[in-house]
Amino acid sequence: MTEQEYLCPHCDQKMRKWQAPEESNWGGEIKYVCFNDECGYYVRGWAWMDEKYGQKSSYRHSINPETGAVGPLPVATPDHMKPGIID
């Protein structure tokens, strides 16, 4: 059986399978995440988080394949969360 392929709605790039750290609120949950560093959603996120919250962070588009829920995955640096890529 082949896995579902997800494309980021913001940049049309293939999203990558990612496993949340066990110690996180997601407790090892599998998500698909856009790790394209040129994705407009991610790029605009840096300025938005700084302007709205004074935070030096951004977010990446993610989807939970079990529930279909979509949302932002917060990141503190460009490489933050990349160690969880499992594909």
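Step by step: first the residues of the range 37-57, then only those that are touching a His at 6+ places or on another chain (Cβ under 9 Å) and either buried (at least 18 other Cβ atoms within 10 Å of the Cβ) or modelled with pLDDT under 95 (or both), then the one that is farthest from CYS11 (Cα to Cα). Which residue is that? Step by step, filter the range 37-57, then rank; the result is TYR42.
Of everything in the range 1-18, what is touching a Leu at 6+ places or on another chain (Cβ under 9 Å) and surrounded by 16 or more Cβ atoms within 10 Å (Cβ to Cβ)? Give them in sequence order. Correct list: MET15, TRP18.
Of all residues in the range 32-70, those being of a type in the set (Ser, Thr, Tyr) and under 14 Å from GLN19 (Cα atoms) number 2. Would you pick out the residues in the range 50-68 that are among the aromatic types (Phe, Trp, Tyr) and either assigned to a strand (DSSP E or B) or touching a residue at least 40 places away in the same chain (Cβ under 8 Å) (or both)? Selection gives TYR59 alone.
Would you call PRO21 under 14 Å from LEU7 (Cα atoms), surrounded by 12 or more Cβ atoms within 10 Å (Cβ to Cβ), in contact (Cβ under 8 Å) with a residue 60 or more places away in the chain and under 14 Å from the mean Cα position of the chain (by Cα)? Reasoning before the result, please.
Values: under 14 Å from LEU7 (Cα atoms): no; surrounded by 12 or more Cβ atoms within 10 Å (Cβ to Cβ): yes; in contact (Cβ under 8 Å) with a residue 60 or more places away in the chain: yes; under 14 Å from the mean Cα position of the chain (by Cα): yes.
For PRO21, the condition - under 14 Å from LEU7 (Cα atoms), surrounded by 12 or more Cβ atoms within 10 Å (Cβ to Cβ), in contact (Cβ under 8 Å) with a residue 60 or more places away in the chain and under 14 Å from the mean Cα position of the chain (by Cα) - is not met.
Within the range 35-49, the only residue that satisfies the criterion of being aromatic (Phe, Trp, Tyr) and either part of a loop (DSSP other than H, G, I, E, B) or touching a Leu at 6+ places or on another chain (Cβ under 7 Å) (or both) is PHE35.
In a residue-by-residue description of the range 17-32, the property of being at pLDDT 95 or above and over 16 Å from ASP87 (Cα atoms) applies to no position.
Being in a strand (DSSP E or B), exposed (fewer than 13 other Cβ atoms within 10 Å of the Cβ) and not aliphatic (A, V, I, L, M) narrows it down to one of GLY71, GLY27, so name that one.
Numbers: GLY27 fails: in a strand (DSSP E or B).
When all the criteria are applied, what remains is GLY71.
The values are calculated or read from the model by the stated rules, or taken from the named source; none is laboratory data. All of these numbers come straight from a predicted model, not from anything done at the bench. Every residue, glycine as well, gets a Cβ built from its backbone with ideal geometry; the counts of neighbours run over all protein chains shown.
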